[in-house]
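K.L.:
This is the structure, below, for whatever I ask next.
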Amino acid sequence: ETLIELSKKMPKTELHLHIEGTFEPEQMFAIAQRNQVELKYHTVEALKAAYQFTNLQDFLDLYYQGMSVLLHEADFYDLTMAYLSKVHSENVVHVEIFFDPQGHLSRGVPFDTQINGIYSALKDAETKWGMTFKLIMSFLRHLSEESAFETLELAKPFLHLIDGVGLDSSEVGHPPEKFLRVFEACKNLGLKVTAHAGEEGPPEYVWQAIDQIDVDRIDHGNRALEDDQLIEEIKKRGLTLTVCPLSNLKLCVVNDMKDHPIKTMLKRGLNATVNSDDPAYFGGYMADNYASLITHTGISKEELFQLAQNGITGSWMENNLKEKHL
Ligand code: ES4
Ligand code: ZN
């Protein structure tokens, strides 16, 4: 059995996935047509040709355009179900999904439309396949603290459906401390907390996520490797890093997959996991992320098992369920 075959068979978790980043061009055009929304690109080919990014912002500009066709609950359902069917076929057994409510509220799409569509698909996948899930509401960090607080207010009737909050979008210039008070309020409501940190931003932003926000997890965290003391702190706290190999390649966080630091992370004792971030934009889902690491980094069978195991221990699933999967 090859390592790629093995990695496909392993039960896997996805802990870093933006549902709006699973929007495949074909589905985007179909929903655009049924909603009579015009896209800037007029063919699937032209859109796909635009997926060449030099940094995070290049990607985000297209990501916000793409999600602009999502208007109705059925759109959010269809998007989510397409993603869940795909990763079910790759033996993903548990997903923790981000959604960006502000990216839709700004277009007049109500909070309940968004969350009801996404949540119904998650529930259906649980019923059909036993796939378990957590739902994470993410704040857009390029927007204000006030906007994040308004979003939290809108989320309050739906807190029974939301497990945690995250922080995403343009990192540099928008440090975690900008949202210190919002995250404090979220924690007081019993929500788990994670934040994108150290993707493009400096180690200082990872320190802030830990020391000021007291995050339960770190999304990406690549640049933590620049600071030995920070590595020690992450280990001391047992924090999981949700690493996204194909994302890192497409957004030029790494220049070549052979230089991807995931093996270094494991060797340094960090709880790294493999995730797909925005698979429709970055060239692959969970299985593709593993396959790329296998093909280009010389990762071992033991390291693959460690990554999958970290995905279970670092998830927010209940402890008895973790034990079942380990
Ligand atoms: C994102 Cl890769 C990435 N980084 C930050 N924010 C995001 N939102 C969607 N994908
Ligand atoms: Zn992300």
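K.L.:
For the chain, take the convex hull of the Cα atoms, compute a quarter of its surface area, and give me that in nm², please.
P.N.:
About 15.4 nm², averaged over all directions.
K.L.:
With +1 on the Cβ of every Lys and Arg and -1 on the Cβ of every Asp and Glu, and nothing else charged, how large is the dipole of segment 17-78 about its Cα centre, in debye rounded to the nearest 20?
P.N.:
Roughly 120 debye for segment 17-78.
K.L.:
Which value, in Å to one decimal place, does the Kirkwood hydrodynamic radius take for segment 49-143 when every pair of different Cα atoms is included?
P.N.:
So the Kirkwood estimate lands at 14.4 Å.
K.L.:
Based on other C-beta atoms within 10 Å, arrange CYS186, CYS244 from fewest to most.
P.N.:
By the 10 Å Cβ count, ascending: CYS186, CYS244.
K.L.:
What percent do you get for the relative contact order of the chain when only Cα pairs under 8 Å and 6+ apart count?
P.N.:
20 percent
K.L.:
How far apart, in nm, are the 7 Å Cα→Cβ label points at HIS88 and GLU26?
P.N.:
Once both label points are built, they end up 1.8 nm from each other.
K.L.:
Using a basic spin-label model with each label point 7 Å from the Cα along Cα→Cβ, how many nm lie between ALA185 and TYR51?
P.N.:
A separation of 3.7 nm, rounded to one decimal place.
K.L.:
Add +1 for every Lys or Arg and -1 for every Asp or Glu among the other residues with Cβ under 12 Å from the Cβ of MET286, and state the total.
P.N.:
Computed value for this residue: -1.
K.L.:
Got a sec? How would VAL95, VAL37 order by Cβ neighbour count within 10 Å, fewest to most?
P.N.:
VAL37, VAL95
K.L.:
Under 17 Å Cα to Cα from LYS250, which lysines show up? Leave out anything in the same chain fewer than 8 places away.
P.N.:
Those lysines meeting the cut-off are LYS48, LYS258.
K.L.:
Using the Kirkwood formula on the Cα atoms of segment 134-204, what hydrodynamic radius do you get, in angstrom to one decimal?
P.N.:
After inverting the mean inverse Cα-Cα distance, the result is 12.3 Å.
K.L.:
For every other residue with a beta carbon closer than 11 angstrom to the beta carbon of LYS8, add +1 if it is Lys or Arg and -1 if Asp or Glu, then tell me the sum.
P.N.:
Overall, the nearby charge balance is -2.
K.L.:
Additional query: When we measure straight from the Cα of LYS187, which aspartates and glutamates land under 13 angstrom away, once same-chain ones fewer than 8 places off are left out?
P.N.:
ASP163, ASP214, ASP216
K.L.:
When a footprinting reagent is the concern and you count Cβ atoms within 10 Å, what order do ASP112, ASP75, ASP277, ASP168 take, fewest first?
P.N.:
ASP112, ASP75, ASP168, ASP277
K.L.:
Would you mind calculating the gained length between GLU126 and GLU323 on full extension (0.36 nm times residue separation, minus the Cα-Cα distance), in nm to one decimal?
P.N.:
Using 0.36 nm per residue and subtracting the Cα-Cα distance, I get 69.1 nm.
K.L.:
Which longest uninterrupted range of the chain lacks any GluC sites (Glu not before Pro) assigned by DSSP to a loop state (not H, G, I, E or B) and surrounded by at most 14 other Cβ atoms within 10 Å?
P.N.:
So the longest stretch without any such site is 39-317.
K.L.:
Tell me, in nm to one decimal, what length is gained between LYS236 and ASP211 on full extension, where the rule is 0.36 nm per residue of separation less the Cα-Cα distance?
P.N.:
Between LYS236 and ASP211, full extension yields an extra 7.7 nm.
K.L.:
Sticking with this structure for a sec: Return the calculated 222 nm mean residue ellipticity for the chain, to the nearest 500 deg cm²/dmol, obtained by summing -39500 (n - 2.57) across DSSP H runs with n ≥ 4 and dividing by the residue count.
P.N.:
Value at 222 nm, helices only: -14500 deg cm²/dmol.
K.L.:
Additional query: Over 25 Å between Cα atoms, which of LYS12/LYS123; LYS8/LYS324; LYS9/LYS86; LYS12/LYS192; LYS12/LYS178; LYS301/LYS324 qualify?
P.N.:
LYS12/LYS178
K.L.:
Still on this structure, please answer the following. Report the FRET efficiency, 1/(1 + (r/R0)^6), for HIS42 and ARG107, where r is their Cβ-Cβ distance and R0 is 25 Å, rounded to 0.05.
P.N.:
For HIS42 and ARG107, the calculated efficiency is 0.75.
K.L.:
Place a +1 charge on the Cβ of each Lys and Arg in segment 161-229 and a -1 charge on the Cβ of each Asp and Glu, then give the dipole magnitude about the Cα centre in debye, rounded to the nearest 20.
P.N.:
Dipole magnitude for segment 161-229 comes out near 340 debye.
K.L.:
Using a Gaussian network model of the chain whose springs link C-alpha atoms within less than 10 Å, name the residue from HIS16, HIS94, HIS42 with the highest mean-square fluctuation.
P.N.:
Maximum fluctuation in the GNM of the chain, among the listed residues, is at HIS42.
K.L.:
Sticking with the crude label model, points 7 Å out along Cα→Cβ, report the distance from GLN65 to LYS263 in nm, one decimal please.
P.N.:
My value for the distance between the label points is 3.8 nm.
K.L.:
With just the Cα atoms of segment 235-326, tell me how far they stretch along each of the three principal axes, in Å, largest first.
P.N.:
That gives 38, 28, 24 Å along the principal axes, largest extent first.
K.L.:
Between GLU1 and ARG34, what length comes free when the chain is fully extended (0.36 nm per residue of separation minus the Cα-Cα distance, one decimal in nm)?
P.N.:
Between GLU1 and ARG34, full extension yields an extra 7.4 nm.
K.L.:
How big is the dipole moment of segment 8-159 about its Cα centre under a simple scheme where the beta carbon of each Lys and Arg is +1, that of each Asp and Glu is -1, and everything else is neutral? Debye, nearest 20, please.
P.N.:
I would put it at about 520 debye.
Readers should treat all values here as calculations from the given coordinates under stated rules, not as data from a laboratory. None of the values given here were measured: they were computed from a predicted structure. Counting neighbours? That spans all protein chains shown, and the Cβs are built from the backbone with ideal geometry, glycine included.
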